[in-house]
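The values are calculated or read from the model by the stated rules, or taken from the named source; none is laboratory data. Fair warning: this is a prediction, and the values are worked out from it, not measured in the lab. In this analysis, Cβ positions are derived from the backbone assuming ideal geometry, glycine residues included, and neighbour counts consider all displayed protein chains. Surface accessibility is based on the protein's heavy atoms, side chains included, excluding ligands, DNA and RNA. Shrake-Rupley method; radii C 1.70, N 1.55, O 1.52, S 1.80 Å.
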Amino acid sequence: MENFEPVIVAFCCHYCAYTAADMAGSQRLTYPANIKIIRVPCSGKVDAIHIIKAFEKGADGVYVAGCLDGDCHFKNGNNRASRRVEYVQKYLDEIGIGGERLEMVKMSAGMGYLFAKIASEMTEKIRKLGPSPVRPLTVQASQPTAS
Amino acid sequence: MVEMENIKVAQGHNKVLVIGGGLGGIRTALDLAESEKDVILVDKAYAVGGLMTQLDRTFPTNNCDLCTLSPNLSESGRKQHIELLTMTSVSGVRGEKGNFTVSLETAPRYINMDKCTACGECYKHFPECVRFTPGLDHRAPTCMRYPQATPQAFSVDLEKCTDINALIKICPAGAISPDDMGRRREVRCGSIVLSAGAALFDPSGLDYLGYSAEPDVVTNLEYERIMSASGPTMGQLVRPSNGKQPKKIAWIQCVGSRGLQKGAAPYCSSACCMIALKEAIVTKERFQNDIETAIFYMDMRTFGKDYELYLNRAKNKHGVRLIRSRPHSILRANNQDGLRLSYTTDDAGEMKNEDFDMVVLSTGFKIADDVRELSLKMGLTLNASGFAMTEEFSPVETSKSGIYVCGMSESPKDIPDTMVQASAAACMAGKDLEVSVKDPDGDLPPERDVTDEALRIGVFICDCGENIGGVLDVAKIAEYSQSLPNVVIAEPQGHGCSRQSMEQIQKSIIENKLNRVVIGGCSPRTHEAKFQEVIRRAGLNKFLVEIANIRDQATWVHAHLPEKATQKAQDLIRMAVGAVAEAHPLKEHNIPINKDVLVVGGGVTGMTTALRLADQGYKVYIAEKSDSLGGLGKVLHSTLSGVEVRPFVNDLIDKTKANANIQVILRAIIVDHSGMPGMFKTGMQTGPQMFYRTIQHGVTILATGAVANRPKQYLLGESEAVGTQLETDALLADAPETVKNWDNVVMIQCVGSRVPENPNCSRICCQSAIKNALRIRKLNPDGRIFVLYRDMRTYGFQEEYYLEARKQGVIFVRYSLDQLPKVEAAGNQVNVTFTDPILGRELMVTADRLCLSTGLAADEDSTEDLARIFKLPRTSDGFFLEDHVKLRPVDLPVPGFYVAGTAHSPKTIRESITQAQAVASRAQTLLARDSINLGAAVVRVDSNKCAACLICVRVCPFDVPFINADGYSEIDPAKCHGCGLCAAECPAKAIQLMQFEDDRIVAKLEQLFERMVG
């Protein structure tokens, strides 16, 4: 468990969170490599199925990142995303994966530092929680090709 | 002095030169470019964007500017019609309208822009000589101006550079060129737009404000930088003196404006009240009860559309203290931590002292010396403050034919007014060009049909100099990519976005018969369009490319862990390969355009818009509900500056009637409407018999005006002596003899405005009161005039007339909502009783005339019907609501609809004309095209899966989906914004968002976890 490196999927909306991630890059901030970004036009586009699929495939953590309240490019997509995330968290609790492995975060396009901060905090949190209970089933005995 | 190189460039004159690349200049350039006209945009700064890029947030949305402005900027960098020249100034202008010759001088950047990738290595190692800073914040010399600058390049200050060779070596792209020379060149153009913006008043000369001595006294712009996420403190609000968070902040208004201090301008700077309110609200929003805010002001000038609501929010919701007073001095009390403000208010006779941690000076705007010099060089007539003069009813035309002005160069104003003027300037400047023949759609090869082909994916990995190649081994990544399924070829590609590499990629696609492409490089946000173009040129549908962002998301952020960065880059590329395999050729939606225009409303605004569009060859229908043209303009006689309105309006009516491209339909009542932008159909009943007819048109312009407000108050309509300002204006013109006999005149401001029933300010009433007061004074110099007001809102140059009225002895007395004036009939006269706040006593005046400043109200009857028929939103007080209050002030949220004049909000004739010209420009951006490209990122509904459950109908933020006659959800691609909310909620998964289909997202997830199972 010492060397546990979680894999975390970050669904980032194009207009704010993805831009913030780019900005973290151009400001040369660092955050753990465990975060893998998938770009979506709006955080509200992130389907419950996508989140569940990520866990099913072996993600140890997932977060959905959208615009700040009131700044959504599509009016209220970020708030819909928040509600959906809450719903899926309960579902994850029920099926034993644990709702705490999923989060909704909000940031503006200019907040590169916040993107990096959240990425680090999320990685730490999931590291503490340990591997997703789903993971051993799919990974079984096979070792990751890189350590 | 730098060496200059003279270059001669042979150029046609059929283009517009825009001087100044701030928000106004960008808007003008974009409008012209979208109307298929060529533009040269020059800015003396290192990147375009002007003042707005420095702001933290903007009122009244309190949005982050970077998010709203940066797409505009990159748009501006991309447009093929715009030639952008930064670090360039205008040194001379010769010639005349239709054929100007302009001399330009470009300062050396010492960086080859074709090679620079904006990686920032030079800046990291040599911050002292590489410019990426505005130099505006004197306390933070290294603050980044803004991270999304256009052009995305740095510049070098050679004089500060001690080791040029080291600087050259550090650049991975080899872009540093110390031999760079300044360039002098001449360009030709048909017309010129001056949008050079304004400078800020420098308060260092005013020692009683302590700006030079006290670090905790900052200007409003410095406060914006402190609050900004990209500012010197990364958005932490701290006191410059000790780095601690302030507990109490004061704003002082009118610093450098309204003629108050040494060197101050005589006018009102128009935007500072709103800026201070915004800064106070944002501060309160962030720190709530931890911080106290107080604004010291003279008159709170929130005269813009819905701005009064913003003021009420500041007061009532956020608890911002508003103190009507000018502090006498700011001093640091003996060894005290805080700054002591000494001030007095008119209810307290004595001086008060109050301590604050920080003081923000709301500094006004002024014309910069170099802009004044340039304006004179161009032969423009300037007013005493250096602003370019314009005629009352030609708001953007300077004294020199062919040269136009917009934004702060015309008068101080806020962003929405700047955007409107910028579009108006684009309309007028574009009119001077000859109509050009459009380029045919390039020589693109036909698109190859790849539907039945087996997958052949090509992967190209950029090394981006040290940016990617410095952290990981690009050749090895390419080797790894080669091993992925369906990958035919994978190779390193140097700087993928350089012209040479793009040609190689194009060649490789053809030679290897690739049908999908993955680029391992930087952000799709900035480079997707570029690579889409490359693969399109190679005969592929442009949507068959996927970009793996291995720079911003791997090498830049994991540089210290090269192994992990390599692993992640491989993950990202594998995900992209998996996703691109699911990509399908998509068609961008195009519809042909009907180029006719429907203008609803035949007042000054409607006629002006119609004439401007008819000049450009478009056919215009004016639908007017009354039986004549002219609207409210026919009722008004004189403007504040004393120009007669009637001759102007009559001339406008004659021109409209005589224009062959304009058809006027009187007594027209709109009854139905359908279609989409470029192909609308509107039905109306017209004429005395109410015949039904339909009109087909491409765009719709609402210029339906407003009505004069007439609240039943203060004996209006009951006493002969009481009338509105509009009626007074008519008496002044038609019955001067009557006016001469008015010995006592009282005016009451804000009648029916700024009250709970109608909370907004009517904008025009303060200036009309001043206008009528000055005219009455002229007829009867011995009479007494009292103006009872709450805040005098004579913004911009109107302030000078306010000053003149005070000089001429017009008496201004303030009243408040809890102490309203009382009016009683007294024979032919009225007794007006009011409290003088300074005397603290009640006074009574027996007035021969009581003028009520009642302003304008939305025409409830017509706007309600029109809003319903056209599906347009309105404000709570009934005016049409624009798409974006800041950036798209005359575009309505429904594409193809525009609004101008008083249908938008109350405004003067001059302001209405500006908007009329602006919508003409906005409409042309749509009409200039032969078809509309609606993009491809829209949703598609699978009718077989749709259960007509209505979830999409409810969830869509733009009300696009509906259940059609066949019983399934129909989503019009012309209206779809592409957010995908419906796709996410659709329980049957009948809806898919193109480019972001479920299969494609799941493919990414599958590929990401591939290495763990395999």
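A few comments on the model shown:
- Using only side-chain charges placed at the Cβ, +1 for Lys and Arg and -1 for Asp and Glu, the dipole size of chain B relative to its Cα centre rounds to 560 debye.
- Among B:448-461, B:498-511, B:263-276, B:720-733, sorting by the average number of other beta carbon atoms lying within 10 angstrom of each residue, highest first, gives B:263-276, B:720-733, B:448-461, B:498-511.
- Computed from the C-beta positions of B:Leu843 and B:Met351 and an R0 of 30 Å, the FRET efficiency is 0.65 to the nearest 0.05.
- Taking the helices alone, the protein assembly as shown has a mean residue ellipticity at 222 nm of -8500 deg cm²/dmol, built from -39,500 (n - 2.57) per DSSP H run of at least 4 residues and averaged over all its residues.
- Stretch gain in nm, segment B:Met181-B:Asp959, where the contour uses 0.36 nm per residue and the Cα spacing is subtracted: 274.5 nm
- Shielding by other protein chains, B:569-578, mean Cβ within 10 Å: 1
- The charge dipole of the range B:457-581, taken about its Cα centre with unit charges on the Cβ of Lys, Arg, Asp and Glu (plus for the first two, minus for the last two), comes to roughly 400 debye.
- As a calculated quantity, the FRET efficiency between B:Lys871 and B:Gln236 at R0 = 41 Å, using C-beta atoms, amounts to about 0.35.
- With both labels modelled 7 Å from their Cα along Cα-to-Cβ, the B:Leu715 to A:Tyr87 distance reads 6.5 nm.
- Counting only other chain Cβ atoms within 10 Å of each residue's Cβ, the peptide A:39-51 averages 6.
- In this structure the range B:939-993 gives 47 Å² per residue of accessible area when probed at 1.4 Å with all protein chains present.
- Taking the range B:584-603 and a reference point 7 angstrom along Cα→Cβ of B:Ser931, the backbone N atoms nearer than 17 Å belong to B:586-595.
- Panel note: the C-alpha atoms of the range B:200-366, placed on their principal axes, show extents of 36, 34, 32 Å (largest first).
- Interface A:B - total buried accessible surface [probe 1.4 Å, Å², rounded to 100]: 5100
- More than 24 angstrom apart: percent of Cα pairs within the range B:457-581: 16
- Of B:Arg868, B:Arg710, B:Arg551, the residue with the largest accessible area leads and the full order is B:Arg868, B:Arg710, B:Arg551 (1.4 Å probe).
- For the range B:848-905, the Cα-based Rg and Dmax, in that order, read 13.8, 52 Å.
- Computed log10 I(q)/I(0) for the range B:710-854 at 0.13, 0.16 Å⁻¹: -0.52, -0.81, from the Debye equation with unit scatterers placed on every C-alpha and solvent omitted.
- Extension gain, B:Asp651 to B:Lys807, is 52.6 nm, computed as 0.36 nm per intervening residue step minus the present C-alpha separation.
- Dipole in debye (nearest 20) - the range B:804-904, about Cα centre, beta carbon charges: Lys, Arg +1; Asp, Glu -1: 380
- If R0 is 35 Å, the Cβ-Cβ spacing of B:Glu159 and B:Glu83 corresponds to a FRET efficiency of close to 0.75.
- Stokes-Einstein diffusion for the protein assembly as shown, with the hydrodynamic radius set to the Kirkwood value over Cα pairs and evaluated at 25 °C in a medium of 0.890 mPa s, equals 76 µm²/s.
- Mean partner shielding of peptide B:974-985, defined as the number of other chain Cβ atoms within 10 Å of each residue Cβ, is 6.
- Share of carbon and sulfur in the accessible heavy-atom surface of the protein assembly as shown [1.4 Å probe, %]: 50
- Accessible surface, the range B:762-811, averaged per residue in Å² (probe 1.4 Å): 36
- Where only alpha carbons of chain B are counted, the Rg and the Dmax (Å): 31.0, 100
- Loop-located GluC sites (Glu not before Pro) in the range B:837-898, at most 16 other Cβ atoms within 10 Å (DSSP): none
- Long-range amide H partners of B:Asp596 with built H, under 5 Å: B:Gly698
- Translational diffusion of chain A, µm² s⁻¹ [Kirkwood Rh, Cα pairs; Stokes-Einstein; 37 °C; 0.692 mPa s]: 213
- Placing one equal scatterer on every Cα of the range B:786-895 and applying the Debye formula, the log10 ratio I(q)/I(0) at q = 0.16 Å⁻¹ is -0.90.
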